[in-house]
1. Would you please list the contacts, defined by Cβ atoms under 9 Å and residues six or more apart or on different chains, that run from a residue in segment 122-135 that is among the polar types (S, T, N, Q) to a residue that is assigned to a strand (DSSP E or B) and open to solvent by less than 60 Å² (accessible area, probe 1.4 Å)?
2. Only one of 40, 119, 52 is touching a residue at least 40 places away in the same chain (Cβ under 8 Å), out of contact with any Cys (no Cβ under 9 Å at 6 or more places or on another chain) and within 21 Å of residue 189 (Cα to Cα); which?
3. Scanning for something assigned to a loop (DSSP other than H, G, I, E, B), surrounded by fewer than 20 Cβ atoms within 10 Å (Cβ to Cβ) and not aromatic (Phe, Trp, Tyr), does segment 114-123 turn up at least one residue?
4. State whether the residues of segment 130-146 include one that is open to solvent by 10 Å² or more (accessible area, probe 1.4 Å) and in contact with a Ser or Thr (Cβ under 6 Å, 6 or more places away or on another chain).
5. Can you say whether residue 152 is among the polar types (S, T, N, Q) and in contact (Cβ under 8 Å) with a residue 60 or more places away in the chain, as far as the supplied structure shows?
6. Could you check residue 142 against (1) under 15 Å from the mean Cα position of the chain (by Cα); (2) on the phi > 0 side of the Ramachandran plot and say which number it fails?
7. What is the residue count in segment 17-37 for residues that are part of a loop (DSSP other than H, G, I, E, B), open to solvent by 50 Å² or more (accessible area, probe 1.4 Å) and not hydroxyl-bearing (Ser, Thr, Tyr)?
8. Is one or more of the residues making up segment 171-184 open to solvent by 10 Å² or more (accessible area, probe 1.4 Å), out of contact with any Leu (no Cβ under 7 Å at 6 or more places or on another chain), in contact (Cβ under 8 Å) with a residue 60 or more places away in the chain and of a type in the set (D, E, K, R)?
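The values are calculated or read from the model by the stated rules, or taken from the named source; none is laboratory data. Quantities reported herein were computed from a predicted structural model and do not represent experimental measurements. FYI the Cβ positions are ideal-geometry reconstructions off the backbone, even for glycines, and counts take in every protein chain you see. Side chains included, ligands, DNA and RNA excluded: accessible areas come from the protein's heavy atoms. Shrake-Rupley method; radii C 1.70, N 1.55, O 1.52, S 1.80 Å.
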Amino acid sequence: MKKYILITLVTLFALQVLAQTGLQKGAEAPSFTAKDNNGKTVDLKTILKSHKAVVLFFYRGQWCPYCNKYIQKLQDSLEYLTGKGAYIIGVTPETSENIGKTIEKTNASFSIIQDKGYKIMKDYDVNYTVDAGLYSKLKGYGVDLEKNNGNTDHVLPVPATYVIGKNGKLIFVHFDKNYTKRTSVSELLTAIQGS
């Protein structure tokens, strides 16, 4: 039964984002400035002046076990990633209170940004609106997007990961509409080393 539910959810999410492709490798990374979970100003251009690369990833929320597992992997490998000159940034539509829950679950110590108006998600072409049917199904599984995101928009990101090189270009892209699939840390390290 759980397998059937998982397959149904994966299919429904995939249908929601059929038209999206995300940004492509080689594209100019849209610049942004935002406050992270610690109140620190995170400015992409400034960070790239002092780091070899930025690993920018989008996640759906603290309620998503796949997101939490991925964030935990990034945290577990943080020394390797930062040792290669990378700066890690997570972007989510969830409220700061729920970002706190993500941090509790994953021990994430890198910057996480609440993308309230979805500007960063839109600029990177990862945002989509959950339809009423899927919203209802999620709520039936105990996931209340309105409570988690603090609004009634029902917007989520495709859980994409981008590596941005010092020159501001995307040197690695993982954009998969199947939210259960994430990139590996070794792929990120290879991309950073090659930048």
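1. 127/58; 127/155; 127/156; 127/157; 129/155; 129/156
2. Only one candidate passes the filter, namely 52.
3. yes
4. Yes; the residues of segment 130-146 include at least one that is open to solvent by 10 Å² or more (accessible area, probe 1.4 Å) and in contact with a Ser or Thr (Cβ under 6 Å, 6 or more places away or on another chain).
5. On the way: among the polar types (S, T, N, Q): yes; in contact (Cβ under 8 Å) with a residue 60 or more places away in the chain: no.
Against the criterion (among the polar types (S, T, N, Q) and in contact (Cβ under 8 Å) with a residue 60 or more places away in the chain), residue 152 does not qualify.
6. Answer for residue 142: the failing condition is (1).
7. Residues meeting the conditions: 5.
8. Yes, some residue in segment 171-184 is open to solvent by 10 Å² or more (accessible area, probe 1.4 Å), out of contact with any Leu (no Cβ under 7 Å at 6 or more places or on another chain), in contact (Cβ under 8 Å) with a residue 60 or more places away in the chain and of a type in the set (D, E, K, R).
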